[in-house]
1. Inside segment 117-165, can you point out the residues that are within 17 Å of residue 182 (Cβ to Cβ) and within 18 Å of the chain's Cα centre (by Cα)?
2. Listed residues 121, 31, 14; which is over 26 Å from residue 167 (Cα atoms), buried (at least 20 other Cβ atoms within 10 Å of the Cβ) and either modelled with pLDDT of 90 or more or touching a strand residue (DSSP E or B) at 6+ places or on another chain (Cβ under 6 Å) (or both)?
3. For residue 100, all conditions in the list (1) modelled with pLDDT under 90; (2) more than 22 Å from residue 128 (Cβ to Cβ); (3) outside any helix (DSSP H, G or I) hold save one; what is the number of the exception?
4. So if I check each of 113, 38, 78, 47, which one is crowded, with 19+ Cβ neighbours inside 10 Å and touching a helix residue (DSSP H, G or I) at 6+ places or on another chain (Cβ under 7 Å)?
5. Considering only residues that are more than 18 Å from residue 104 (Cα to Cα), surrounded by fewer than 18 Cβ atoms within 10 Å (Cβ to Cβ) and in contact with a helix residue (DSSP H, G or I) (Cβ under 8 Å, 6 or more places away or on another chain), which ones fall in segment 153-203?
6. Residue 107 fails exactly one of the following numbered conditions: (1) part of a helix (DSSP H, G or I); (2) modelled with pLDDT under 95; (3) touching a helix residue (DSSP H, G or I) at 6+ places or on another chain (Cβ under 6 Å). What is the number of that condition?
7. Collect the residues in segment 130-144 that are exposed (fewer than 12 other Cβ atoms within 10 Å of the Cβ) and in a helix (DSSP H, G or I), keeping them in residue-number order.
8. Can you find a residue in segment 78-86 that is over 26 Å from residue 191 (Cα atoms), in a loop (DSSP other than H, G, I, E, B) and out of contact with any strand residue (DSSP E or B) (no Cβ under 6 Å at 6 or more places or on another chain)?
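The values are calculated or read from the model by the stated rules, or taken from the named source; none is laboratory data. The structure presented is a predicted model; accordingly, all values stated were derived computationally and were not measured. Reconstructed Cβ throughout: ideal geometry from the backbone, glycine too, with neighbour counts over all protein chains shown.
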């Protein structure tokens, strides 16, 4: 058996768990959209919950694709921290989705979820440094810069979502502007995710 076999097994395990967990989050999303509370909130004078629902859906797409691609590119290693962080991220994402019909709670839990999302980029950068020091990954400055920018962006978006939670709790009429910002941020991150293709990051792997 080759020396890379354990890493390949770990990578496949991460990919499989990613598919399962995000599939569960999609199921939660569909369930929330069919509940009476959500349907009752969809009225001509209130588009907030619809925009929040779209932002949540795009969030699943973004983090599903990014985590999957980063795992494939980096052949992510097994560590207690990375596994623990992954499950905390999945749990907070699911909780965030479950609060689509309650904007203040959604903004708060989304802030926590985005914080864990930012942490993934820190773990990715650590993984890159470790593999470069071991001589199994070449210098990838563009990919490192891209990962660093996403780390900073998600920290900013996490703080922004937390601020929106406070504002919406105190001033409910600000829910719609907050929902517009949330959807615009999600659409922006979808565009950024295209960089995996345009910059050929998928060819960066070890």
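1. Within segment 117-165, the subset within 17 Å of residue 182 (Cβ to Cβ) is 117-118, 153-165.
117, 118, 153, 154, 155, 156, 157, 158, 159, 160, 161, 162, listed by residue number.
2. Numbers: 31 fails: buried (at least 20 other Cβ atoms within 10 Å of the Cβ); 14 fails: either modelled with pLDDT of 90 or more or touching a strand residue (DSSP E or B) at 6+ places or on another chain (Cβ under 6 Å) (or both).
Residue meeting the stated conditions: 121.
3. (1)
4. Details: 38 fails: crowded, with 19+ Cβ neighbours inside 10 Å; 78 fails: crowded, with 19+ Cβ neighbours inside 10 Å; 47 fails: crowded, with 19+ Cβ neighbours inside 10 Å.
Testing whether each residue is crowded, with 19+ Cβ neighbours inside 10 Å and touching a helix residue (DSSP H, G or I) at 6+ places or on another chain (Cβ under 7 Å) leaves just 113.
5. Correct list: 155, 187, 190, 192, 193, 195, 199, 202.
6. (2)
7. We begin by selecting, within segment 130-144, every residue exposed (fewer than 12 other Cβ atoms within 10 Å of the Cβ); these are 133-135, 138-139, 141.
133, 141, listed by residue number.
8. As a first pass, look at segment 78-86 and keep what is over 26 Å from residue 191 (Cα atoms): 78-84.
Still in the running and in a loop (DSSP other than H, G, I, E, B): 78-79.
Restricting the remaining residues to those that are out of contact with any strand residue (DSSP E or B) (no Cβ under 6 Å at 6 or more places or on another chain) gives 78-79.
For segment 78-86, residues over 26 Å from residue 191 (Cα atoms), in a loop (DSSP other than H, G, I, E, B) and out of contact with any strand residue (DSSP E or B) (no Cβ under 6 Å at 6 or more places or on another chain): present.
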